Amino acid sequence: MEDNNTQVIKNQKKTNVRWIMVGLLFFATTINYIDRQVIGLLKPYIQDELHWSEIDYGHIVTAFQIAYAFGMLACGKLIDKMGLRLGYIFSITIWSIATMLHALVNSVAGFSAVRALLGFGEAGNFPSAVKTIAEWFPKKSRAFATGIFNSGSTTGAIVAPIIVVAITLHWGWRSAFIVTGALGLIWVILWLLIYKAPHLNRHVNKAELDYINSDRDEDEEKKVAWRELFKYKQTYAIIFTRFLTDWVWWFFLFWAPDFLAKEQGIDLKATVLPLIIIYLMADAGGITGGIISSRFIMKGRTADFARKTTILIFALMILPLNVVPYVKSLWIVVILIGMATATHQAWASNIYTIVSDVYPKHVVASMTGISSVGGAIGGALASTFVGFVLDATHSYTVIFMIASCMYLMAWLTLKLFVPIKRIQF
């Protein structure tokens, strides 16, 4: 039988249950991105069979993003009210069913409808995940934890070509939607079995709970009405930065396979390795962006310096993107697009963390949702724009040129309008 001293020592050790939660967030985000990327991978197959134009495809993508924008408003608020346990389940169940419904539709209108349902459901993932990080981690560790779970987006983008291509070649493109949609329902079971808030989780001892609450302030616990968020310039600035940047990531998800096929002359099978490399680089960018930001803070720099400096470093890395349409070498193109996706993921690791730095945890999910509306609106407008540009010019030159500048503009907006410190409501 253990003596009292042994028990005291055990209780002093952090149990690290929070990293199990990060693992669940990573898995959910991976599924989220597998489900949203399937249509981009299958575009050549479906376009040939159903005779879509580039404008038709742009409208289908736009339907997803408009619904995603509305979903961000609804889901963020809903998750703050329902709590993470039920709110997350609500979100992932809707998007999983929507993914499977893609197998049943044939028209542009039908695809637009199921994409809209998918967008609404998927909108709940990031507000839920960011709120979970705010609940389970102190501020000094949030950027790294966010980088880990957010790397699920690139892992999903890496895994999707492998799964989707294999299923499509063996059973057809409709089966790909059914199999990938079913993954979310498996996650729901795991979440029900594992998730509980830190103070209710019997596996969290006092040492870990003290660590989680180590730099929490009283204002973080204060109840804040949703409308109060719009009294602060930080809210508008963060929304605007998401408007500027999110569409770039959407563009790569939905058009990169098509770009590689048309501009580099490779087929669906041959796109798998280039896409894996592109999203492995994105994965590395997201985690590295979190590490760099967290290291700055551990060395005594302010959160303001850490987040903004990290964003600037990566914003400079994407500038060469504008030369991609002129490059003939497939692997140089892959590296340049990979640097761009790495930039976005490093940006994402820090902008999500900035929300939890600036706003009390009770409104983190709502604010993440609100800011994501800016990104979804930007994505919806950009998708229609990209469709029209490609239909008119058959060239990606203008699109890559614009995309290469967006992260510097976002950094400048943060620099001028978002002091990264807790708002006192």
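The values are calculated or read from the model by the stated rules, or taken from the named source; none is laboratory data. Keep in mind the model is a prediction, meaning the values are calculated, not measured. Positions of Cβ are backbone-derived with ideal geometry, glycine not excepted, and every protein chain shown enters the neighbour counts. All accessible areas refer to the heavy atoms of the entire protein, side chains included, with ligands and DNA or RNA removed. Shrake-Rupley method; radii C 1.70, N 1.55, O 1.52, S 1.80 Å.
Summary table
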| quantity | calculated |
| --- | --- |
| Test: residue in the stretch 84-102 that is in contact with an Asp or Glu (Cβ under 6 Å, 6 or more places away or on another chain), among the hydroxyl-bearing types (Ser, Thr, Tyr), touching a residue at least 40 places away in the same chain (Cβ under 8 Å) and crowded, with 21+ Cβ neighbours inside 10 Å | yes |
| Scan of the stretch 265-276 for residues that are assigned to a helix (DSSP H, G or I), modelled with pLDDT under 85 and not aliphatic (A, V, I, L, M), ordered by number | 269, 271 |
| Some residue of the stretch 259-280 being under 26 Å from residue 72 (Cα atoms), buried (at least 17 other Cβ atoms within 10 Å of the Cβ) and either touching a residue at least 60 places away in the same chain (Cβ under 8 Å) or not hydrophobic (A, V, I, L, M, F, W, C) (or both) | yes |
| Those residues of the stretch 212-227 which are open to solvent by less than 50 Å² (accessible area, probe 1.4 Å) and either part of a helix (DSSP H, G or I) or at pLDDT 80 or above (or both), in sequence order | 212, 219, 220 |
| Qualifying residue in the stretch 133-140 (condition: closer than 16 Å to residue 31 by Cβ and open to solvent by 10 Å² or more (accessible area, probe 1.4 Å)) | no |
| Positions within the stretch 145-176 being within 16 Å of residue 100 (Cβ to Cβ), touching a residue at least 60 places away in the same chain (Cβ under 8 Å) and among the small types (Gly, Ala, Ser), in sequence order | 160, 175, 176 |
| Any hit, the stretch 318-340, residues being under 18 Å from residue 245 (Cβ atoms) and of a type in the set (Lys, Arg) | no |
| Which listed residue is more than 11 Å from residue 29 (Cα to Cα) and in a loop (DSSP other than H, G, I, E, B), from 199, 203, 170 | 203 |
| Filter result (among the hydrophobic types (A, V, I, L, M, F, W, C) and at pLDDT 85 or above) within the stretch 143-157 | 145, 148, 149 |
| Which numbered condition residue 176 misses (of (1) open to solvent by 10 Å² or more (accessible area, probe 1.4 Å); (2) over 18 Å from residue 125 (Cα atoms); (3) small (Gly, Ala, Ser)) | (1) |
| Any hit, the stretch 116-128, residues being touching a residue at least 60 places away in the same chain (Cβ under 8 Å), of a type in the set (S, T, N, Q), open to solvent by 30 Å² or more (accessible area, probe 1.4 Å) and in a helix (DSSP H, G or I) | no |
| Subset of the stretch 229-248 [over 12 Å from residue 410 (Cβ atoms) and in contact (Cβ under 8 Å) with a residue 24 or more places away in the chain] | 229, 232, 233, 234, 235, 236 |
| Residue that is nearest to residue 244 (Cα to Cα) [pool: residues in the stretch 397-425 that are of a type in the set (Phe, Trp, Tyr) and open to solvent by 10 Å² or more (accessible area, probe 1.4 Å)] | 411 |
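Per-residue answers, yes or no, for (1) surrounded by 22 or more Cβ atoms within 10 Å (Cβ to Cβ); (2) closer than 30 Å to residue 394 by Cβ; (3) of a type in the set (D, E, K, R):
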{"position": "302", "(1), (2), (3)": "no, no, no"}
{"position": "325", "(1), (2), (3)": "no, yes, no"}
{"position": "337", "(1), (2), (3)": "yes, yes, no"}
{"position": "364", "(1), (2), (3)": "yes, no, no"}
